[in-house]
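Undergrad: One structure, pasted below without further comment.
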Amino acid sequence: PEAQKFSDRRTYIIACVSWRPLSATEGDAAKGPGLPRVAAEDGGWTKDDLAERCDALGGVCGWPCNSDMPYSSVPHCSSSGIIQQAVLDKMLGKQKAYGEVTIKGCLDPTTEKCETSTEGLANWACHKCIVKPQEETRRLRRRRLAPKLPGLPSLNLPPIDDDDEDEEDEGEDQLYMSLPRFEVVYTNFTAPDYEDLVSRPRVTLLASHSLDGLWQKLYETLDPDSNLYPPIPVTMKEPAEIYDVSEDEARAMQLVATNKLRLSPTSCFGKRGPLYVVACAVNQSTYDDGSQWRKSKDGNRFAPGQKVMPPPFNDRCVAVAGRCGHACEPHSGQHRIPHCLENGYINQSALVGPIPIQYNRVTPVFMFVYVLLFGFAVKIIMLCPGIFTPYKRCYFYNPDMTESLKYILVVGVTGGGDEGKGTMIRNTIGMVSGLPPECKCRFVVCNNEEGHRLEMLYCWEKFCMVVASMPNYGGLTYEDNLRQFMALWCEETKNMKLDSVGGKVRQLDPGILSRLSGKTTLAKIKKDAGWSANIAALERLEAAIEALHQDLNTDYNKFTPMTPHLDYVRDWLPPDPSSTSLRMHFTSRAKPKEDPRNIMVQHVAVGTWYYKVPPNATPPQWLELRRHCQEMVYAQPDDDDINVRVPLRSSHGKAGGLNFVDNYITIVNDRRENKYGTMQVCTILNYALIIANSMRFSIM
């Protein structure tokens, strides 16, 4: 259909508002009220026609139907898709515009009420329309039943035959893309001084591809002689009845009062006598803001009888007005009510007034700020005493730094869940590789196993065999060869994450297994460092690496629990204690089954196992006392008032494990065979903790 040409190309759509009645000759070939159809019997409207027939113009422009074409490519079209008003006023010629005209598109073509879109013409939703043929007998019946109008001749129609009701018209359905329904709003108008002025203005929608071209009508009235239904959206049914509407009536606009609200109270309010009623209009965003109505009940913004702040109301209302009078007393006058005018309206000056601006530059605010600043200054002085004192530190390692230390302890903690043998070996490789050269104090590496699993102990022992099997040849000492091998081994394993070696892995990847067990490290060091010169010296090392390889490749992450109430500790010394400062230990504190029957212990954990500590006990007896632990028996009195009962697990988690390691390493280094015989016995200790899932060192 011809109407589709305005929905697929650049289009100007204008609304022509006229205060004169339309001539009787217009619209003779119309096809339906408010439906998209082009009628151009007279060839369209020219600029002269617009100047003659229109009293006000308004329009939109662009490429319709969700087009991506920019408005800037349309002459005299604004960025919002509106034709420049100066151009439209010029088209009126010598006439002045009697008001403002705007065009908006409807969102849904099938609803009775038009919900308009806020977008421009390019974003309006077009729809499919269809024109269907009518049944011939239905069309004839409609014409026969049409009332006779005075002055019109009678129509000689053939009688209706029942057989004709089943016949179909030979016409075919016409389907096309249609522009949306439009809503034309005419505001701020003044009626011109015409002799034939109508009570309601008429509007005609016109479309063109150029502001200088001919303008075609978009909407036309019904042709009673047509054998077609009026065009309708494809989702709608054909109308049951079609009524003839004149051109002049179809284009008459309706007067709509905006910003008006009608309330119908369902409950009584107020008392008999003087009464003030105030209407307050608030912004929608304020009304919808839930934080403004925190005390409201059942989701209602206002409840009957709710009190509000008195005037002035312009601090919360964008518009306000009020009425006043004597409720239920029709004979009482309003003049006896304060601020009430004779016409029953509240004096506007009593409803609005100047709103004082609130400032925070007052004495209480200044005092509050001063207190905050003073408290902040006190915190800085108390918590950061050395903030302005330069911290002296060494930028490079010097073996003399370790001369005053008793020992350096590095702890790697593993627990249950996603930490297994591979995680422990990866962490231990990193810890041992941190062995400082020419260290003058003991460098202690401790693996603390919180999962209490036997296979972790066996795997640790296999690793100790690898460290003990390092060759001592090639002009280098045992410690030099160990540090060289461990540095390369650490490079091979430093990027291994829990998803490749963690406790959820059922079987190690062959490549990761070779790197984790040290096979690839040994192959590289043979090639690059010349370790292959003496194969016999490497036989012990190769055998130890193979044993570790087999342990990691067999029943990976399948564990057997240790005896729950016993501690497991192991110590490793190098073959020649004087050849290196490295010492390694394995600890796994007791993990008995517990229940919540006991009171909280140290506000951290509960326990039912304990051991007794006599008053004269010494630290070396600590492990022995823990071996004689026992489970508390309820309802059995304990008359021992001398010994102190200590929970076997005073705290849970890795923090409790670190406390156990601290006690154990302190006892081990206080043994006679581990004393230096120098002042190092009474000096400070340095601790470092290695986190299982990050491989980062931190000084404690």
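Undergrad: Restricting the search to the range 470-487, which residues are over 27 Å from Leu405 (Cα atoms) and surrounded by fewer than 18 Cβ atoms within 10 Å (Cβ to Cβ)?
TA: Within the range 470-487, Asn472, Tyr473, Gly474, Gly475 qualify.
Undergrad: Find all pairs meeting these conditions: Cβ atoms under 8 angstrom apart; at least six residues apart or on different chains; first residue within the range 548-562 and among the hydroxyl-bearing types (Ser, Thr, Tyr); second residue part of a helix (DSSP H, G or I).
TA: Tyr556/Lys421; Tyr556/Gly422; Thr560/Leu454; Thr560/Glu455
Undergrad: Taking the conditions exactly as written (in a helix (DSSP H, G or I) and over 20 Å from Ser581 (Cβ atoms)), does Glu479 satisfy them or not?
TA: Judged against the criteria, Glu479 is not a match.
Undergrad: Can you confirm whether Ser67 is modelled with pLDDT under 85, of a type in the set (Gly, Ala, Ser) and out of contact with any strand residue (DSSP E or B) (no Cβ under 8 Å at 6 or more places or on another chain)?
TA: Yes.
Undergrad: Among Leu88, Leu50, which is in contact with a helix residue (DSSP H, G or I) (Cβ under 7 Å, 6 or more places away or on another chain), in a helix (DSSP H, G or I) and either closer than 23 Å to Leu22 by Cα or not basic (Lys, Arg) (or both)?
TA: None of the other options fit; the residue is Leu50.
Undergrad: Another question, then. Enumerate the pairs (first residue in the range 79-91 and among the aliphatic types (A, V, I, L, M); second residue anywhere and open to solvent by 80 Å² or more (accessible area, probe 1.4 Å) and assigned to a helix (DSSP H, G or I)) with beta-carbon separation below 6 Å, excluding pairs fewer than 6 apart on the same chain, so at least 6 apart or on different chains.
TA: Hits for this filter: Met91/Lys47.
Undergrad: Could you please tell me which pairs satisfy a Cβ distance under 6 Å, a separation of 6+ or placement on different chains, a first residue in the range 504-521 that is under 25 Å from Glu539 (Cα atoms), and a second residue that is among the aromatic types (Phe, Trp, Tyr)?
TA: Hits for this filter: Gly518/Trp489; Thr521/Trp489.
Undergrad: Out of all the residues in the range 62-109, which are over 17 Å from Glu183 (Cβ atoms) and among the polar types (S, T, N, Q)?
TA: Asn66, Ser67, Ser72, Ser73, Ser78, Ser79, Gln84, Gln85, Gln95
Undergrad: Any residue in the range 153-168 that is touching a strand residue (DSSP E or B) at 6+ places or on another chain (Cβ under 9 Å), under 30 Å from Phe6 (Cβ atoms) and either acidic (Asp, Glu) or modelled with pLDDT of 85 or more (or both)?
TA: Scanning the range 153-168, I find no residue that is touching a strand residue (DSSP E or B) at 6+ places or on another chain (Cβ under 9 Å), under 30 Å from Phe6 (Cβ atoms) and either acidic (Asp, Glu) or modelled with pLDDT of 85 or more (or both), so the answer is no.
Per-residue answers, yes or no, for (1) more than 27 Å from Arg442 (Cα to Cα); (2) modelled with pLDDT under 85:
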| position | (1), (2) |
| --- | --- |
| Thr608 | yes, yes |
| Asn616 | yes, no |
| Leu623 | no, no |
| Ser651 | yes, yes |
| Lys654 | no, yes |
| Asp662 | no, no |
| Ile665 | no, no |
| Asn686 | no, yes |
| Ile690 | no, yes |
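Undergrad: What single numbered condition from (1) over 21 Å from Asp8 (Cα atoms); (2) within 46 Å of the chain's Cα centre (by Cα) fails to hold for Leu88?
TA: It is condition (2) that Leu88 fails.
Undergrad: Return the pair list, or none, for Cβ contacts closer than 7 Å from residues in the range 311-324 that are surrounded by 18 or more Cβ atoms within 10 Å (Cβ to Cβ) to residues that are among the aromatic types (Phe, Trp, Tyr) and assigned to a loop (DSSP other than H, G, I, E, B), at least 6 apart or on different chains.
TA: Hits for this filter: Val320/Phe313.
Undergrad: Identify all residues within the range 553-585 that are surrounded by 13 or more Cβ atoms within 10 Å (Cβ to Cβ) and part of a helix (DSSP H, G or I); write none if there are none.
TA: The answer is Asn553, Pro577, Ser579.
Undergrad: Scan the range 334-387 residue by residue and report those that are in a helix (DSSP H, G or I) and either touching an Asp or Glu at 6+ places or on another chain (Cβ under 9 Å) or within 30 Å of Cys324 (Cβ to Cβ) (or both).
TA: Listed by number, the residues that qualify are Gln334, His335, Arg336, Gln348, Ser349, Ala350, Leu351.
Undergrad: Let me ask another. For the range 622-676, give me each residue that is among the aliphatic types (A, V, I, L, M) and open to solvent by 70 Å² or more (accessible area, probe 1.4 Å).
TA: Across the range 622-676, the qualifying residues are Val633, Ala635, Ile642, Val644.
Every residue, every condition in (1) touching an Asp or Glu at 6+ places or on another chain (Cβ under 6 Å); (2) modelled with pLDDT of 90 or more; (3) more than 19 Å from Phe6 (Cα to Cα), yes or no:
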{"site": "Gly27", "(1), (2), (3)": "yes, no, yes"}
{"site": "Gly32", "(1), (2), (3)": "no, no, no"}
{"site": "Arg53", "(1), (2), (3)": "no, no, yes"}
{"site": "Val60", "(1), (2), (3)": "no, yes, no"}
{"site": "Ile82", "(1), (2), (3)": "no, yes, no"}
{"site": "Thr110", "(1), (2), (3)": "no, no, yes"}
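Undergrad: Then there's this: Mind listing whichever residues of the range 495-513 are open to solvent by 80 Å² or more (accessible area, probe 1.4 Å) and not in a loop (DSSP other than H, G, I, E, B)?
TA: Answer for the range 495-513, where residues must be open to solvent by 80 Å² or more (accessible area, probe 1.4 Å) and not in a loop (DSSP other than H, G, I, E, B): Asp499, Pro510.
Undergrad: Can you work out which of the residues in the range 416-451 that are part of a loop (DSSP other than H, G, I, E, B) and either open to solvent by less than 10 Å² (accessible area, probe 1.4 Å) or of a type in the set (D, E, K, R) (or both) is modelled with the highest pLDDT?
TA: Top of the filtered list is Leu435.
The values are calculated or read from the model by the stated rules, or taken from the named source; none is laboratory data. If you're wondering where the values come from, they're calculated on a predicted model, not measured in any experiment. Positions of Cβ are generated from backbone atoms using ideal geometry, with glycine treated the same way; all protein chains shown enter the neighbour counts. Surface areas here come from the heavy atoms of the whole protein model, side chains and all, with no ligands, DNA or RNA. Shrake-Rupley method; radii C 1.70, N 1.55, O 1.52, S 1.80 Å.
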